[in-house]
Amino acid sequence: MVACEFQPGLEGIPAAQSQISFVNGQVGKLEYRGVPIEALADNSSFLETAYLLIWGEFPKSDDLDAFQEEITHHRRIKYRIRDMMKCFPESGHPMDALQASAAALGLFYSRRALDDPIYIRRAVVRLLAKIPTMVAAFEHIRKGNDPVRPRDDLSYAANFLYMMNEQEPDPFLAQIFDTCLILHAEHTMNASTFSARVTASTLTDPYAIVASAVGTLAGPLHGGANEEVITMLAEIGSVENVQPFLEEKLATKSKIMGFGHRVYKVKDPRAKILQKLAEQLFDKTGGDPSYEIALALEKAVAEKLGSKGIYPNVDFYSGLVYQKLGIPTDLFTPIFAIARVAGWLAHWREQLETNRIYRPSQVYIGDHSLAYIPPESR
Ligand code: CMC
């Protein structure tokens, strides 16, 4: 056994050997299965990318058609899951609703036949198919409306936007949304993926794995940052207020949401693509005053914190894109989850291939051999 020094946040400690994705944080490079993210964003679809991540190779045309068809046919959710969601408080956060609903899928489908490729395939298909339906269903249920049924004739991205708005989306908007899903699908050993792998290592079912990863993604230091960015830009309110806002944050040692990354020390390559997508959207559907504030903030943060390697991360521009697509702010992180299910499932499969249960050590810094003191004497 190799003993090593305690590293807070396990910084720099490899938690797995993986072939799924690669990041070079010094130059801002991200690859899925060896393919640069830029090439996937320009040419692939989310489901093709999900297939690549999960099965390790690009699908042939027929395989992709079959995969898409299977997913389309599993989009519906059981009425008992919808009924369960009706009992959730409407003020509850959609990430909490998603975590509970993902776990509930296990009540219906869990057999834990982890050596059966058919079980694995069906679990992959069900999770990719049903998570978007559950996100959209909660959006309607919390407003007191019935969920919109998925439409089999629409693509993965177009169907989600349709289920949200009960209106067939412009193909351009569906294309932008699909690219956002590609960009969020996987990102090496981030907190939620680590959580997924730890849960997977106990040989539990994939619904429990996704539920635990959703819970981890929800926090503001991880996926939850995208909605905080929109709140922050609204709070800044004007380009003139960027500098005073930043000074105040730095004086109180507060984090600027959407900036900084454990691995990237330059601008996140996904942020660059998302910024272009935001600009394409503004050209087509009109600008957004928050974008000017975002640009000014990016410049001001680079001047103040660039020497520390703090630049925009994936969450900085994604919210502006989602906002323009008409998505409510508290659904930004569930949408991140819809995409990241692909990465979590890829890691589930990889973990199973060479599984050993995660059981790290700790450095005990407490007391020893203390006497028991009865309550009345404490
Ligand atoms: N604003 C201001 N200072 C920052 C920021 C920031 N956003 N991020 C890091 N720093 C500073 C931090 O104060 C520290 O400075 P010093 O060494 O002088 O004390 C230094 O940079 C290192 O920061 P850290 O918190 O130790 O870095 P970390 O690797 O533990 O945390 C992070 C990474 C992403 C949690 C952090 O940068 C952060 O909290 N960012 C804001 C939240 C955010 O945007 N999260 C989304 C992350 S990317 C997508 C995802 O994972 O979902």
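Things to note:
- Checking Arg75, Arg82 one by one, the residue that is among the charged types (D, E, K, R), surrounded by 15 or more Cβ atoms within 10 Å (Cβ to Cβ) and either assigned to a helix (DSSP H, G or I) or at pLDDT below 95 (or both) is Arg82 and no other.
- Odd one out for Ser192 among (1) more than 13 Å from the ligand (Cβ to nearest atom); (2) in contact (Cβ under 8 Å) with a residue 60 or more places away in the chain; (3) in a helix (DSSP H, G or I): (1)
- Among the residues of segment 254-278, those identified as more than 12 Å from the ligand (Cβ to nearest atom), among the aliphatic types (A, V, I, L, M) and in a helix (DSSP H, G or I) are Ile273, Leu277, Ala278.
- Residue in segment 8-21 that is outside any loop (DSSP other than H, G, I, E, B) and crowded, with 16+ Cβ neighbours inside 10 Å present: yes
- Close pairs from segment 292-310: first assigned to a helix (DSSP H, G or I), partner of a type in the set (Ser, Thr, Tyr) and within 11 Å of the ligand (Cβ to nearest atom), Cβ under 7 Å, at least 6 apart: Ala302/Tyr311
- Within segment 226-253, being on the phi > 0 side of the Ramachandran plot and in contact (Cβ under 8 Å) with a residue 12 or more places away in the chain holds for one residue alone: Gly237.
The values are calculated or read from the model by the stated rules, or taken from the named source; none is laboratory data. Bear in mind that the values here come from a model prediction, so they are computed numbers and not experimental data. Backbone-built Cβ (ideal geometry, glycine too); neighbour counts: all protein chains shown.
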